[in-house]
Amino acid sequence: SLLIIRRRYAQADAELTRALATSRDRRTSYLAHLFAGRASARLGRFEAAATHIDAALALFPDAQSALLARSQLALQRADVTGALSPVDRLAHVNHDRPPVDPWLTYDAGPGRDASTLLADLWASMRR
């Protein structure tokens, strides 16, 4: 999130909370949870950060980005066991299939839901 890059963590957190409340897409929710986890951690709200990262992992359990984020968060809290657990899980992911991590296609995201958004717009105009 651009707000996180600009170190406007509280504003990023508020925007991501709104986005998560209306998200209908697993991939978007996953990314929003990852960004919200980062914003929460920067604000020192480590429990909220863990909740967001765990929510991202619930959506995509084998996602490398979320597993590494969970490990990093544990390291920030001096929890060595908690830091190693996601890395161990990552080591046991089936690497014979393509990775399932929306972060890997994040740069291709804009416009991916354009058809759905346009259909919703047209439907609302017919009412």
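Overview of results
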read-out: Residue-level accessible surface for VAL80, protein heavy atoms, 1.4 Å, Å²; value: 90 Å²
read-out: Listed residue (GLY44, TYR30, GLN11) projecting farthest to the positive dipole end of the chain, Cβ model; value: GLN11
read-out: Kyte-Doolittle at least 0.0, axis length at least 15 Å by Cα - qualifying DSSP helices, the chain; value: 46-59, 64-76, 80-91, 114-126
read-out: Solution diffusion estimate, µm²/s, Stokes-Einstein, the stretch 1-62, Kirkwood Rh from C-alpha pairs, 10 °C, viscosity 1.306 mPa s; value: 141 µm²/s
read-out: Within-12-Å neighbourhood charge of ARG42 [Cβ basis; K, R +1; D, E -1]; value: +4
read-out: Cα-derived Rg over Rh, computed across the chain with Rh taken as Kirkwood radius; value: 1.04
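The values are calculated or read from the model by the stated rules, or taken from the named source; none is laboratory data. Just so it is clear, the model here is predicted, and its values are computed rather than measured. Note: ideal-geometry Cβ built from the backbone for every residue, glycine included; neighbour counts use all protein chains shown. Surface areas here come from the heavy atoms of the whole protein model, side chains and all, with no ligands, DNA or RNA. Shrake-Rupley method; radii C 1.70, N 1.55, O 1.52, S 1.80 Å.
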